[in-house]
Structure formats: C-alpha cells, structure tokens
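One structure below.
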Amino acid sequence: MNIFLKLSVIILIIFLNSCSKKEEKILMIQEKELRLQMIDAYKEGVKALEEGDVLFAAKKFNEAEILFPQSEWASKSILMAAYSYYTQDYYYDTISELDRFIKNYPKDERLNYAHFLLAMCYYEQIVDEKKDLAPLLNAQKEFKFIIKNYPNSDFALDSKFKLDFINDVLASKEIYLGRYYIKKEKWIAAINRFKQVVEHYDSTAYVEEALHRLVELHYRLGLLDESKKYANLLGYNYQSSKWYEASYSIFNKDYESPTKKINKKKGNFIIRKFKSLFE
C-alpha cells in the first residue's frame with residue numbers, strides 16, 4: 001500500500017511539472033506574440049506620425065502601450081502619443097498623456113522631457129493674461145520645476161528664457177492694475193499691486209516703475225519713512241533711471257532733470273531746422 005501511494009505521488013508530481021512547463025511555454029509564446037504585436041503597433045504609429053496622421057499615430061502608440069504595459073516600450077509609447085498630439089496643438093490630449101506618464105513612471109529617465117513638453121503646452125496657450133491667467137501660472141510652475149530639478153539640462157536653459165518672459169507678462173499685469181487703482185484713487189490697493197512686482201518680479205524691467213510708484217503713494221499718504229525706504233532702494237539699484245529722477249523730484253520740488261533740459265533744447269533745434277527749410 002505504501003509503495004502504491006509513493007508511486008501515485010511521484011506520478012502526480014511528474015504530471016504537475018509537465019503541466020507547469022507546458023503552461024510556461026504557452027505563456028512565453030503568448031508574451032512573444034504580444035511583443036511582436038506591440039512592436040508592429042509602435043511602428044505603425046511612427047509611420048502615421050511621419051505622414052502627418054497624428055490622431056491615428058496616437059491611437060497606435062496607445063495600442064502598443066496596452067498590448068504590453070509591463071515592457072520598456074510602454075512609457076516610450078505614452079510619450080510618443082503625447083508628442084503626436086502636441087505636433088498639431090491638441091493640448092488637452094497632450095497634457096492628459098503627459099500627466100499619465102508622470103504619474104505612472106516617476107523615475108523614468110525621460111521625465112525631464114515630459115515636464116518640458118507639459119510646460120510648452122501651457123506656454124503656447126498664453127493668449128491674454130488679463131482674461132485667463134491659468135496657462136501662465138501653469139507654465140511658470142513647470143518651468144520652475146525643470147530649473148530646480150534638472151538645472152544642468154538643455155531644457156533648464158530654455159526654461160529660464162521662457163520664465164523671464166512669463167515674469168515680464170505677470171509684472172506688466174500688476175503694473176497695469178496698479179495704475180488703474182491710482183486712477184480710481186484706491187491707494188492701498190495700488191500699493192499692494194506694486195509691492196507684488198518688487199517682491200516677486202524684481203528681475204523684470206517693471207521693478208523701477210513699481211519702486212517709484214511706492215515712493216509716490218507712500219509720500220501721498222504721509223508715510224515718509226516708507227517713501228524714503230523705496231526711494232533709497234530705487235536710487236541704490238537704478239540711479240540712472242528716469243523713475244529715480246521722478247522719485248527724487250518728489251522730495252526736491254525745484255529739481256529739474258538735466259536729461260529733460262537737453263532733450264528740450266534738442267527738440268527746439270530740430271523744430272527750428274525743420275522750419276528753416278521752408279522759410
């Protein structure tokens with residue numbers, strides 16, 4: 001009886017091993033077939049992209065990803081789908097693909113490219129900052145992320161240039177609103193706008209006017225210490241600026257800019273010469 005039992009166990013083990021190897025072989029064949037289908041789908045996507053059929057290209061890249069999600073081709077396929085949409089300004093679809101890539105592959109070596117492409121999607125949607133700030137702020141966030149996390153990459157250099165432009169636009173918006181509040185005689189609201197420029201966009205050309213406006217507004221409100229503080233900042237950093245001259249004249253009422261004198265004489269001379277040609 002014991003011998004029979006032992007033989008039965010041995011036969012069962014042999015049978016199970018045989019089944020296991022057969023299943024492994026089937027799985028290997030299926031995996032090979034899926035890989036081939038995935039590669040074919042990817043190649044079709046590349047061909048469609050080259051021919052300008054971006055929607056079909058994106059579809060094939062997504063198909064490649066779905067066929068073999070555990071392969072190294074999956075992450076590449078998502079990026080290619082995103083790029084396909086981007087080439088024809090399908091920004092919503094591009095952003096959707098990139099968000100998925102960033103979420104699913106946080107350690108991928110192409111993550112810097114994904115963030116840059118995402119930033120460009122927002123950047124290229126900047127139309128009118130007075131109506132919609134979302135693209136500006138989203139692009140600003142992504143460019144800052146790239147500069148901070150990939151400082152030595154080519155993407156960081158380009159991001160710095162584009163971030164400078166964004167900061168200029170945002171600073172000009174604050175200046176515009178500050179001037180508006182001055183016209184409405186809402187002095188505190190105006191001060192807050194100009195402070196935004198000084199505190200957050202001090203590398204832009206608008207900081208000079210912002211400092212002068214703060215000198216002017218604090219002087220108007222009788223806050224002389226604050227007014228002098230901003231005047232000193234303006235004088236220390238931008239002494240040759242026309243805005244420094246304007247601020248200087250607030251505290252020195254008899255001051256007249258030498259530049260204005262020169263320009264005035266030059267203007268009169270040009271007018272006189274122009275008139276003499278026809279006399």
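Details
- In terms of distances greater than 21 angstrom between alpha carbons, the cross-link table entries 160/195; 184/242; 141/162; 43/76; 103/141 yield 160/195; 184/242.
- Over the stretch 47-103, volume per residue of the alpha carbon convex hull, in Å³: 65
- Annotation for the stretch 127-198: trypsin sites (Lys or Arg not before Pro) lying in DSSP loop with at most 11 further Cβ atoms inside 10 Å of their Cβ are 130, 131, 184.
- Here the relative contact order of the stretch 158-216, from alpha carbon pairs under 8 Å that lie six or more residues apart, stands at 34 percent.
- Here is the size of the stretch 30-187 from its Cα atoms: Rg then Dmax, 19.7, 76 Å.
Where a number appears in this text, it was derived from the coordinates with a stated rule and is not lab data. Bear in mind the structure is a predicted one, so any value in this text is a computation, not a measurement. Using ideal geometry, Cβ is built from the backbone for each residue, glycine included, and neighbour counts are taken over all protein chains shown.
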